[in-house]
């Protein structure tokens with residue numbers, strides 16, 4: 001995050017909540033704050049949460065201990081339900097979710113998710129980018145990203161049928177018209193990479209921290225695989241856009257990759273559904289949230305603490321060192337337009353996503 005973005009984020013939080021009654025200065029004194037992560041140890045969210053764990057105590061009045069608790073399973077849904085239903089995590093303000101958000105679950109009203117994403121009490125969100133990568137020996141053999149258009153079969157590595165990762169993978173394969181088999185149920189990025197090294201899967205997607213810290217050293221650098229494309233977002237001009245730094249590294253946005261592979265731009269309901277899914281999932285890739293019944297003091301305190309952490313140059317340097325990405329945070333007020341899009345989803349797009357989740 002640039003210094004300008006850091007200042008804007010901090011300002012947004014203080015303006016939004018400065019008028020509220022002041023939080024108890026020592027709400028967390030002699031207490032322990034648990035960061036509940038909805039994926040396994042070593043995964044993208046876990047890696048990021050551990051950077052926050054090191055810096056947060058400095059900015060929380062009362063200097064509490066901060067620990068990590070992992071609650072993986074069901075493509076991230078298990079952790080959300082643990083916090084949302086108070087299952088071993090009471091709504092007392094001492095457990096804050098650091099979640100990878102699956103936009104799919106809320107977009108298709110997944111009954112396994114017991115509390116909708118917009119219904120949590122938000123401290124902050126975080127943007128992120130997602131990269132599709134796979135083996136080079138995908139039949140008939142790959143030498144450049146556009147060669148993927150000639151693939152005869154993909155074995156997709158995912159987390160759960162309803163997760164955004166699995167849905168993105170399915171939709172991309174179907175838009176390209178490539179036969180595929182979904183191999184799902186992996187708890188973390190490291191497990192998918194292990195399966196890819198062993199040849200059990202040959203294609204997957206990861207957010208940028210996991211791609212940089214795990215896929216590059218385990219898959220890309222040894223020459224086992226390559227990055228094929230980055231999933232696009234909706235730009236300010238309403239057109240598909242992406243991360244220009246990744247483009248410079250030879251990782252095109254999906255639309256440009258598709259044009260190179262098939263000689264025409266992607267189109268149709270599935271392409272539209274994938275773009276909307278990824279736009280929401282990338283602009284709210286992570287969420288720092290409380291159970292809505294948690295004390296207001298907890299949310300007020302943590303919003304201020306997160307704003308101060310985000311403005312700390314040492315934190316930003318450490319976050320980038322560990323993840324190779326800036327911590328690009330979003331204040332709660334900025335998330336409302338995304339939640340409005342979730343609530344007003346076009347029925348045809350919703351049907352496409354439901355079919356993708358169900359493998360139809």
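Using Cα springs under 10 Å in a Gaussian network model of the chain, which residue among 157, 86, 241 shows the largest mean-square fluctuation?
Of the options given, 86 has the highest mean-square fluctuation.
Kindly work out what percent of the DSSP beta bridges joining two residues of the chain are antiparallel, to the nearest 5.
Around 60 percent of the beta bridges assigned by DSSP in the chain are antiparallel ones.
What distance in nm lies between label points placed 7 Å from Cα along the C-beta direction at residue 312 and residue 221?
2.8
When the convex hull of the C-alpha atoms of the chain is computed, what volume per residue in Å³ does it have?
Given the Cα convex hull of the chain, per-residue volume reads 124 Å³.
What Kirkwood hydrodynamic radius, in Å, does the stretch 66-191 give when the mean of 1/r is taken over all pairs of distinct Cα atoms and then inverted?
Kirkwood hydrodynamic radius for the stretch 66-191: 16.5 Å.
With labels modelled as points extended 7 Å from the Cα through the Cβ direction, what inter-label distance (nm, one decimal) is found for residue 181 paired with residue 340?
Reported label-point gap for residue 181 and residue 340 is 4.6 nm.
Given 10 Å bins starting at zero, what is the percent of C-alpha pairs of the stretch 130-280 in each, up to the one with the largest pair distance?
That works out to 12, 46, 37, 6, 0, in percent per bin.
Expected output is a single nm value to one decimal: the length gained when fully extending between residue 53 and residue 150, i.e. 0.36 nm times separation in residues minus the C-alpha distance. What is it?
Result: 30.4 nm gained on full extension.
Alpha carbons only, please: Rg and Dmax for the stretch 70-141, in angstrom.
Calculated on Cα positions, Rg and Dmax stand at 15.9, 56 Å.
Compute the relative contact order of the stretch 130-280 as a whole-number percentage, counting only Cα pairs closer than 8 Å that sit 6 or more residues apart in sequence.
It rounds to 30 percent for the stretch 130-280.
Quick one: Debye curve from the alpha-carbon atoms of the stretch 268-360 only, equal weights, vacuum; give me log10 I(q)/I(0) at q = 0.11, 0.23, 0.24 Å⁻¹ to two decimals.
-0.49, -1.15, -1.20
Pop the C-beta distance of residue 41 and residue 267 into the FRET formula with R0 = 45 Å and round what comes out to the nearest 0.05.
With a Förster radius of 45 Å, E is 0.65.
Which residue, 225, 235, 75, tops the fluctuation ranking in a GNM of the chain built on C-alpha contacts under 10 Å?
Comparing 225, 235, 75 in the GNM, the peak value goes to 235.
Once fully extended, how much extra length lies between residue 244 and residue 32, figured as 0.36 nm per residue of separation less the alpha-carbon to alpha-carbon distance?
72.3 nm
Please report how far the C-alpha centroid of the stretch 92-165 lies from that of the stretch 285-347, rounded to the nearest whole angstrom.
18
Sort out for me the Cα centre separation of the stretch 35-80 from the stretch 193-254, rounded to whole Å.
Here the two parts' Cα centres lie 24 Å apart.
Each reported figure results from applying straightforward, stated rules to the coordinates on display, with no laboratory input. This is a predicted model, so every value here is computed, not measured. So basically every Cβ, Gly included, is an ideal-geometry build from the backbone, and we count neighbours across all protein chains shown.
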